[in-house]
Each structure stands twice: as C-alpha cells, then as structure tokens.
Amino acid sequence: FCNFFINWLIVHDHHRHLRYSPLQGQTAQQLLPPHRWQKLSTVVLLTPRRSWVRSGAVCRILMMLGGPWKIAGGLLWLIPSPLRDLGYVLIGKIRYRLFGKLAQCRMPTAEERSLFLN
C-alpha cells in the first residue's frame, strides 16, 4: 500500500511539495527522534512546525495537494482521530485485497528521483 500511495502522490502532487523517505533511511533517522518510528509501517508527515502520523498525516497530505483533495482531507479531518486511525489500521490489514501486491516496486524516473531522500 505504501508503494501505491507514494506512486499516487507523485502523480497528484503537481506542485512537488512532498518529499519521500523510508522510515528506516538516514533522513528519517536524522529528522525523527530515536523512537518507534523505524519499526512502524506508517505514514509520517513532517513540516517545519509539526509532525503527523497515520490518518492525521494522510489528511494533511491530501489538504496540501489542493483542489478536491483538499476538501477530501478536510472532511476526513472532521472525523475524530481515534476513528480515523482505526480506519487507517483496518485498510492496512486488507490492503493486498484492495490494491493487490506487486512483485517489485516501481523505479522512479530521473525527474522523480529528486523527490526521494535517503
């Protein structure tokens, strides 16, 4: 699902606001406090002011994309975070049934490589 979500974001982030890094990578280790992040499989959004995880990160990312995605993110934000996170976890558990499983991740194009941090 993570690979699917990143691919989807690359297509929909027309202004190239977002950068991507694995939680196990050097960038995440430098930016995130020594914490359980490296052991999780989750979405983390870091901004200069704040960080969000799980469904909160997804909502904020959608809002950053603008257009109809900003509205969708805002509507999702209205749902209390425990319920949003429960939905996030449930989707994570059935992600292969929903989105299928790829044998390998797509390699980024030369233009897309600048969006990825170590």
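The values are calculated or read from the model by the stated rules, or taken from the named source; none is laboratory data. These figures come from a predicted structure and were not determined experimentally. Because the Cβ atoms are built from the backbone with ideal geometry, glycine has one as well, and the counts that use them run over all protein chains shown. Ligands, DNA and RNA are excluded from the accessible area calculation, which covers all protein heavy atoms including side chains. Shrake-Rupley method; radii C 1.70, N 1.55, O 1.52, S 1.80 Å.
Data for the structure
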quantity: Residue within region 60-72 that is of a type in the set (A, V, I, L, M) and farther than 14 Å from residue 9 by Cα present; calculated: yes
quantity: Long-range neighbours under 6 Å by Cβ, at least six apart or interchain, first residue touching a residue at least 60 places away in the same chain (Cβ under 8 Å) within region 1-23, second loosely packed, with under 12 Cβ neighbours inside 10 Å; calculated: 3/105
quantity: So residue 80, is it farther than 19 Å from residue 4 by Cα, free of Cβ contacts under 8 Å to residues at least 24 places away in the same chain and either open to solvent by 40 Å² or more (accessible area, probe 1.4 Å) or charged (D, E, K, R) (or both); calculated: yes
quantity: Those residues of region 109-118 which are surrounded by 15 or more Cβ atoms within 10 Å (Cβ to Cβ) and not acidic (Asp, Glu), in sequence order; calculated: 115, 116
quantity: Enumeration of residues in region 100-114 that are touching a residue at least 60 places away in the same chain (Cβ under 8 Å) and among the hydrophobic types (A, V, I, L, M, F, W, C); calculated: 102, 105
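Condition check ((1) of a type in the set (D, E, K, R); (2) surrounded by 11 or more Cβ atoms within 10 Å (Cβ to Cβ); (3) at pLDDT 80 or above; (4) more than 17 Å from the chain's Cα centre (by Cα)) across all residues:
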residue	(1), (2), (3), (4)
69	no, yes, yes, no
73	no, yes, yes, no
89	no, yes, yes, no
99	no, yes, no, no
107	no, no, no, yes
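Residues checked against (1) in contact (Cβ under 8 Å) with a residue 24 or more places away in the chain; (2) buried (at least 16 other Cβ atoms within 10 Å of the Cβ):
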{"residue": "48", "(1), (2)": "no, no"}
{"residue": "58", "(1), (2)": "yes, yes"}
{"residue": "62", "(1), (2)": "no, yes"}
{"residue": "65", "(1), (2)": "yes, yes"}
{"residue": "86", "(1), (2)": "no, no"}
